[in-house]
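Taken together, the values in this text are just the output of simple stated rules run on the coordinates, not laboratory data. Here the structure is a predicted model, which is why all the values come from computation and not from measurement. Note that each Cβ is placed from the backbone with ideal geometry, even for glycine, and that neighbours are counted across all protein chains shown.
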């Protein structure tokens, strides 16, 4: 579900009420760990860019919450820890807000921040 929100605050306000707390926590984690990144809305979802390149994004979809980690090596390093999620090439899908594993998400964000090889 692509949003027409102009900024992340509006995106959160427009999200389903039962997802707002988890999405706000995800946003706060991104903002605190991805220092030096620009927070924008790209393709209708919150996105975090460094040097003009999107490295992390997330979205409230119809049936799940998705987290996009654009650095394949970072995602691959933690793939086995994401047992409660459906994982694609660069997308991690959590079927319910309570299934977001914020400890692993923190590892993914730190890995993204520290990784030098951008694979989009």
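Inside region 50-86, residues that are touching a residue at least 60 places away in the same chain (Cβ under 8 Å) and either within 19 Å of residue 100 (Cβ to Cβ) or in contact with a strand residue (DSSP E or B) (Cβ under 7 Å, 6 or more places away or on another chain) (or both) make up a count of 4.
In this structure, is residue 60 under 13 Å from the mean Cα position of the chain (by Cα) and more than 19 Å from residue 112 (Cα to Cα)? Can you show your working first?
Numbers: under 13 Å from the mean Cα position of the chain (by Cα): yes; more than 19 Å from residue 112 (Cα to Cα): yes.
Taking the combined requirement at face value, the residue satisfies it.
Restricting region 88-116 to residues that are without any contact (Cβ under 8 Å) to a residue 12 or more places away in the chain and assigned to a helix (DSSP H, G or I) leaves a set whose member that is surrounded by the fewest Cβ atoms within 10 Å (Cβ to Cβ) is 103. Restricting to region 48-66, name every residue that is farther than 15 Å from residue 90 by Cα and crowded, with 22+ Cβ neighbours inside 10 Å. Once the filter is applied, which keeps residues that are farther than 15 Å from residue 90 by Cα and crowded, with 22+ Cβ neighbours inside 10 Å, region 48-66 yields only 60.
Whether a residue is in contact with a helix residue (DSSP H, G or I) (Cβ under 7 Å, 6 or more places away or on another chain), within 19 Å of residue 5 (Cβ to Cβ) and surrounded by 13 or more Cβ atoms within 10 Å (Cβ to Cβ) was assessed, and residue 69 does not pass this test.
If you go through region 55-66 and keep only what is under 17 Å from residue 38 (Cβ atoms) and either outside any strand (DSSP E or B) or out of contact with any helix residue (DSSP H, G or I) (no Cβ under 7 Å at 6 or more places or on another chain) (or both), you end up with just 57.
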